Every structure is written in structure tokens, then in C-alpha cells.
Amino acid sequence: MAFLHRHRWLTPYLLLLPGLAWLVVFFLVPMGYLGKTSLEKGLFPIFTFQWAWSNFHDAISLYHVQFVRSAEYAGAATVIALAISYPLAYWIAFRGGRWKNLFLLLVIAPFFVTYLIRTLAWETILSDDGVVVGTLRHLGILGSDGRLLATSVAVIAGITYNFLPFMVLPLYVSLEQIDARLIEAAQDLYASKARAFLRVTLPLSLPGVFAGTLLTFIPAAGDFINAQLLGTPRQYMIGNVIQSQFLAVRDYPSAASLSFVLMAAILIAVLVYARALGTERMTGMAAGR
Amino acid sequence: MTSAAATVAARPRGRAGWRALAFVRRNLLNVYALLALGYLFLPIAIVIAFSFNNPAGRFNYTWQGFTFKNWTSPFGFPGLRDSVVLSIEIALLSSLVATALGTLIALALVRYGFRGRGLVNLLIFVPMATPEIVMGASLLALFVSWHYAQGFMTILIAHIMFNISYVVVTVKARLVGFDRHLEEAAMDLGANEWTTFQKVTLPLIMPGILAGGLLAFALSVDDFVITYFNAGPKTTFPLFVWGAARVAVPPQINVIGTLIFVVAVGGMLVNVLFQNRRARSAA
């Protein structure tokens, strides 16, 4: 205690030390090992490091179909999740009143059922003899032997559902913080409701849109559970490839280079997206929350 | 002149139309929100309903008949009990450690000025923005390189790792709104730093710490991807479900899923209602 008293500047570093050490040893260092593994060559269990950059070339040329598919599925799921979540978050933030927290709890509650069990439930809902397929067949939207399970529709539906809280929560936070007087002021100044929404509410909620779309897109792009349980190998995403290369084929270098390409692709997508949406908004978000 | 007259003439009709539109819009939003909530709960209703199913074959996908059998023997399937016990052990230990480490980081970030704050914030943020599969794979690469056998310890290490960031964010949110005058008052009254921390700071930030701990527990119990890469021969509850999904899905899985859901949501409900009451009595 006396020692700390004399060296006050040390206190924050001592507080940080154990947690950051954990993150460095078990997050940063493993990334380094992943990088090293991605440049190795060999057959399980013997791999030797030899700056094998060709692994990256192979990763892209062999699996670009799955990379593109991951981007498509994750992108589609993100857009649909935004369309579902924005009105819902808006409703809770502006119409929830005293029960805001309760409604928010209702939105998060379904996600306390284990991820895999939720996805298995979708398997039941979308199954060939289920109500959804039956109705769609009856309406003629699906052919008499049309199915949802084992199609890209099912995989995208599963991803959309499973990552929805990552969209709703940031949207809610940014919408809830909007000063209602600003919207009133716009309407006092003869802006129509639609115009007030477009010019005041929507721009002020953009940080939430930014955070929500990222928090949905990133895990969605790396997901393999939905494609595995709701799809077939024809719907497999890059996550399925990484998973099988690591745990079934045991081609660690290939799996590691695929992981790095995935990370890099996501990073580039995020940067382009941040540029498109406005840098100061993003930095504002980073500083604010 | 004419345009002004036209505006005046148009206004009552315009306002009535606007009002009708607003009415429709308000209800449209209500209906939409209701539908969205229904969509969110549909799979949960299926999970709960099928926990009472009496499946004919090995899979629990079609409704066969009502039974309480699964609820009277929730662990009546080999390996299920062990996986649930392991999940709870890992969740308890990892949330405990992650909450301690994360709270310390949050305290340092909010209460002290120091060099390298940006770097620390980045290190906290990046794990949350990394796809789980990459984190799982990189830890696997680490343990393989170290020739460290995978099992209980590797699962625990991984869970603590991904939980720290979430605890930091949760506790930080609580600390930012903290009135430092309360601590100064305690010090003025002769309390030393440690006593002040124990008697003033800690009780005030306890809700944040608890929230962080609960979040960590929930994330740990539910984690599949990172665990899948680092479990070795061990089987947590999500891994059990994954294995079952390929071979046979016993309805007991739905029972356990429902139980986890009820306990978690019940706890949060009590918390929300308690806060609501406190907010009202404070106002």
C-alpha cells in the first residue's frame, strides 16, 4: 500500500496487467502462431515452416466460391436483419415508455436458448412437412416438391435470426439517445413526419446502424453452423471449409491461411464500409461508446 | 398569391390526411413490432413444445405425441448430464476470472490517465470484432505448437479470453456515470483509499460487475465454435447438441435448453422489474 502510494502512476498499469496479459498470451500470441502455421508446408502431423506464400494463393484459388458465398449470405442476412430490427428498435425506443427495459429483455430472451438448439428449431420450422413449406406450396410460391431446407434461403434465414440481437441492441442504444426535442423541433419547423425522420432521426441513428451491421456481418461471414445444419455442401461457407480443414482433413497450413484471408477480407470490407458511411461518424462512435 | 390561397385551402384536408396517415403509421409500427417479437419467439415456442414431444425415431423433428417423460428424466440420455455439468463448471470459473480481470481493466480505463490507453482500448475491442472461428483456430494453432493437450484447461483458457472484453465494456458503461464526489466525501471523512474502495466504490459499481459476470456466464454456456476447436476429448452441452444433431436428437436436449432459457430470462426479469421499482420509488 505504501509502495503504491509513492508510485501512484503505477496503479493503472497494475490494474491492467493480469487481464491484458491474458489477452496478449491467449489472443495476440495465438494469432502469431496462426500466421506461422499459414506459412508452413507438410502433412499431418509434421509441418515445417518455409515461408510458403503459395498457401494463400491456393486458399483463394481453391475456395473463392465459398468466400464469395460467405460474403453474399452474410450481406443478405445483415440487410434483412437491419430491415427487421430498425422498426423494432425504433418502436422500443420511442413507444416503449416505462417498459423499455422489459421489451428489450423480450428481444434478447430468445437468445438464451443455446445457439445450436435454436438452429435445430429452425430445422423443424422449415422442414418439408412443416407449416411454412406447406403454406408456400399451397400458395404456389414453392412447387409441389419445392423445399426450404437444404437451400440458401434456409441458411440465410438461420443466419439472420441467430445474429439479430447484435443488430437490435446497437440500434436501440443509438435511437434511445436521440433527444426527442430535436424531432419535435423539426416538426415545429414544418418538416413532415417522414422528412423529420429522414433528416433528423435516421442520421442520428447511423452510428447504431454502423455498429449493428458490423456486429452482424462479421460473425455471420465466419459462421458454419447454419450452413451445416440448414444447408448442404452446396451451401457451405468459408467457415465450413476452415472447420473441416482444421478438424477433419487436418491440413493446418491451409486452414490457417484461409483464416487469415477471411480476417483480411473482413478488415478491408469494414474499412471500405467505414469510408462510405463517413469517417467522422465512425470515429465519433468509437469515442462515444 | 394564388399559391398561398391554395395552401390555405389545402391545409385542413392535408392535416386530416396527415392525421389518418399518422394513425395508420402508428399502428403499422405496433403491428410490425408485434410480428417481429412473434418471429423472435417462434423457434423458442418450438423448442419448448418439442420438449414435451414423444418422438418415434431417433430424431425430434416431427410432433408425435404429448408426454412428460422427458421432463421427469432430463438426463435420461448417456453423456448428457456430464456435458451439462462441464458447461456449468466452465461457465462459473471463466465468468468469475473474466469478471475479476475485466473489472480491473475497466477501473484503470475509466479512473486513470495513462499512456497507451488507445492501444488498450484496441486490444479490448479486437477480440469482439474477430470471427469466432479465427479465434478458435488460432488458439488451436497455439496449443498444437506448444504440444499442450486439449481438455478442461484449454476450454477454460479460451472462455476467459473471449469473456474479458465483454466484461470490460459492461463494467465501463457503469463506471462512466459514476459520481466521484462520493469517494471524495468518504476520503474527506477520513477513510483511506482501500476503505473507500470497499465501502463506497465497490457497492456502487456492483450492479455493473454483476451484469458483466452474468453476460460472461451466458456467453460461456452458449459458446460452440471456440470450444469446438479447443475441447479435445471433452464435451460441453453445445458440443453434445452438435454431436446429437448428426446421430440422434433426444428431446432431453429441449428440456435442458428450456431450463437454461427459463433460469436466465427469469433472473433478468427479476432484475428489470426490481430496477423499474427502484427508479419509480426514487422519482
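Of the helices (runs of 4 or more DSSP H) lying entirely inside the range B:17-136, those carrying at least 1 residues that are in contact with a helix residue (DSSP H, G or I) (Cβ under 6 Å, 6 or more places away or on another chain) and more than 11 Å from chain A (Cβ to nearest Cβ) are B:69-72, B:80-111. Hey, does the range A:176-186 have a residue that's without any contact (Cβ under 8 Å) to a residue 40 or more places away in the chain, part of a helix (DSSP H, G or I), among the acidic types (Asp, Glu) and over 19 Å from residue A:90 (Cα atoms)? Scanning the range A:176-186 turns up no residue that is without any contact (Cβ under 8 Å) to a residue 40 or more places away in the chain, part of a helix (DSSP H, G or I), among the acidic types (Asp, Glu) and over 19 Å from residue A:90 (Cα atoms).
All conditions but one from (1) on the phi < 0 side of the Ramachandran plot; (2) surrounded by fewer than 18 Cβ atoms within 10 Å (Cβ to Cβ) apply to residue B:221; the one that does not is (2). Every listed requirement among (1) closer than 23 Å to residue A:206 by Cβ; (2) within 17 Å of the chain's Cα centre (by Cα) is met by residue A:115 save one, (1). Restricting the first member to the range A:128-150 and to residues that are of a type in the set (Gly, Ala, Ser), and the second to residues that are part of a loop (DSSP other than H, G, I, E, B), the beta-carbon pairs closer than 7 Å and six or more apart or on different chains are A:150/A:231; A:150/A:232. Annotation note: of A:53, A:99, A:91, the sole residue that is under 23 Å from residue A:170 (Cβ atoms), over 27 Å from the mean Cα position of the chain (by Cα) and not aliphatic (A, V, I, L, M) is A:99. With the requirement that a residue be more than 9 Å from chain A (Cβ to nearest Cβ) and either surrounded by 17 or more Cβ atoms within 10 Å (Cβ to Cβ) or under 17 Å from residue B:224 (Cβ atoms) (or both), what does the range B:137-150 give you? Result: B:150, single match. Residues that are surrounded by fewer than 20 Cβ atoms within 10 Å (Cβ to Cβ), more than 27 Å from residue B:144 (Cβ to Cβ), among the polar types (S, T, N, Q) and at the interface with chain A (Cβ under 9 Å from one of its Cβ atoms) are absent from the range B:239-261. When A:224, A:210, A:260, A:166 are checked against the criterion of being under 23 Å from residue A:69 (Cβ atoms), more than 9 Å from chain B (Cβ to nearest Cβ) and of a type in the set (A, V, I, L, M, F, W, C), A:166 stands alone in meeting it.
Just checking, does the range A:17-33 include any residue being touching a Ser or Thr at 6+ places or on another chain (Cβ under 9 Å), in the same structural domain as residue A:256 (by TED's automatic domain parsing) and either among the small types (Gly, Ala, Ser) or within 30 Å of residue B:104 (Cα to Cα) (or both)? No, there is no match, as no residue in the range A:17-33 is touching a Ser or Thr at 6+ places or on another chain (Cβ under 9 Å), in the same structural domain as residue A:256 (by TED's automatic domain parsing) and either among the small types (Gly, Ala, Ser) or within 30 Å of residue B:104 (Cα to Cα) (or both). Determine, yes or no, whether residue A:88 is modelled with pLDDT of 90 or more, crowded, with 17+ Cβ neighbours inside 10 Å and either facing chain B (nearest Cβ under 7 Å) or in a helix (DSSP H, G or I) (or both). Against the criterion (modelled with pLDDT of 90 or more, crowded, with 17+ Cβ neighbours inside 10 Å and either facing chain B (nearest Cβ under 7 Å) or in a helix (DSSP H, G or I) (or both)), residue A:88 qualifies.
Being surrounded by fewer than 19 Cβ atoms within 10 Å (Cβ to Cβ), among the hydroxyl-bearing types (Ser, Thr, Tyr) and under 16 Å from residue A:70 (Cβ atoms) holds for only one residue in A:160, A:232, A:151, and it is A:232. Only one residue in B:209, B:260, B:205, B:226 is under 17 Å from the mean Cα position of the chain (by Cα) and either charged (D, E, K, R) or over 30 Å from residue A:224 (Cα atoms) (or both), so which one is that? Being under 17 Å from the mean Cα position of the chain (by Cα) and either charged (D, E, K, R) or over 30 Å from residue A:224 (Cα atoms) (or both) holds for just one of B:209, B:260, B:205, B:226, which is B:209. Looking at the range A:206-217, can you tell me whether even one residue there is under 21 Å from residue B:144 (Cα atoms) and touching a residue at least 24 places away in the same chain (Cβ under 8 Å)? Taking every residue of the range A:206-217 in turn, none turns out to be under 21 Å from residue B:144 (Cα atoms) and touching a residue at least 24 places away in the same chain (Cβ under 8 Å). For the structure I just gave you, tell me whether residue B:154 is under 17 Å from the mean Cα position of the chain (by Cα) and either over 30 Å from residue A:237 (Cα atoms) or β-branched (Val, Ile, Thr) (or both). When the stated conditions are applied, residue B:154 does not pass them. Just so you know, in the range A:93-127 the residues that are within 29 Å of residue A:227 (Cβ to Cβ) and outside any helix (DSSP H, G or I) include one that is farthest from the other protein chains (Cβ to nearest Cβ), and it is A:126.
The values are calculated or read from the model by the stated rules, or taken from the named source; none is laboratory data. No experiment lies behind these values; they were computed from the predicted model shown. Positions of Cβ are generated from backbone atoms using ideal geometry, with glycine treated the same way; all protein chains shown enter the neighbour counts.
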